[in-house]
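Below is one structure, written out as structure tokens; the observations come after it.
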Amino acid sequence: MTIKVLTVITLFLQLTATAQAPASAANPFTSTTNTIPDTAQPSFTELKAAVEKQKVLLNWTVADNQAINLFEIEKSTDGRHFTVAALVFGTDKPAEDQYLFFEKSTGEKVTYRIRMISKSNKVIYSAPVTAG
């Protein structure tokens, strides 16, 4: 019982000392990532869809890639109602970068679009493309 009480008191003292540490003390939870300049305007520069060897391939290129968080690949069989087919995370490569997505072809015409979400949570949609 004495050991448990000492452990609790020691833990409390450690937490209190940590909470009273000066603001200049190193914080292990501080982010060291670079900030994205406000001038970064991610955009689609190219989007292609093709069917090869019973697979639908989407290939796209973006500008200001470093400002992109992720892409949601959306698909639709009627061209109006889209559902999320996959997530593709951005690379942090500066400037332009190229991405690829593929899935098994169903043999029917499917319309795809890509929802790009920037690191500042701005959403940009690609033009729709059809494969199949």
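The values are calculated or read from the model by the stated rules, or taken from the named source; none is laboratory data. In this text, all values refer to a predicted model and were calculated from it rather than measured experimentally. We place every Cβ from the backbone using ideal geometry, glycine too, and count neighbours over all the protein chains shown.
Part of a strand (DSSP E or B) and among the polar types (S, T, N, Q): which single residue out of 91, 45 fits that description?
45
Just checking, how many residues over the range 73-123 are among the hydroxyl-bearing types (Ser, Thr, Tyr) and touching a residue at least 60 places away in the same chain (Cβ under 8 Å)?
Matching residues across the range 73-123 total 3.
Can you report the number of residues in the range 94-132 which are of a type in the set (Asp, Glu), over 22 Å from residue 53 (Cβ atoms) and either assigned to a strand (DSSP E or B) or touching a Leu at 6+ places or on another chain (Cβ under 8 Å) (or both)? Give the steps one after another, and end with the answer.
At the first step, the residues of the range 94-132 found to be of a type in the set (Asp, Glu) are 96-97, 103, 108.
Next cut, over 22 Å from residue 53 (Cβ atoms) only: 96-97.
Remaining after also requiring either assigned to a strand (DSSP E or B) or touching a Leu at 6+ places or on another chain (Cβ under 8 Å) (or both): 97.
Selection size over the range 94-132: 1.
Given the conditions (1) at pLDDT below 95; (2) within 14 Å of the chain's Cα centre (by Cα); (3) surrounded by fewer than 17 Cβ atoms within 10 Å (Cβ to Cβ), which single one is not true for residue 42?
If we test residue 42 against (1) at pLDDT below 95; (2) within 14 Å of the chain's Cα centre (by Cα); (3) surrounded by fewer than 17 Cβ atoms within 10 Å (Cβ to Cβ), just (3) comes out false.
What residue, of 89, 29, is modelled with pLDDT of 95 or more, of a type in the set (Phe, Trp, Tyr) and loosely packed, with under 14 Cβ neighbours inside 10 Å?
89
For the range 92-121, give me each residue that is out of contact with any Ser or Thr (no Cβ under 7 Å at 6 or more places or on another chain), among the basic types (Lys, Arg) and surrounded by fewer than 14 Cβ atoms within 10 Å (Cβ to Cβ).
93, 104
Scan the range 77-86 for residues that are surrounded by 12 or more Cβ atoms within 10 Å (Cβ to Cβ) and not in a strand (DSSP E or B) and report the count. Outline the logic, then answer.
Filtering the range 77-86 for residues surrounded by 12 or more Cβ atoms within 10 Å (Cβ to Cβ) gives 77, 79, 82, 85-86.
Among the residues that remain, those that are also not in a strand (DSSP E or B) are: 77, 79, 82.
Adding up the residues that qualify gives 3.
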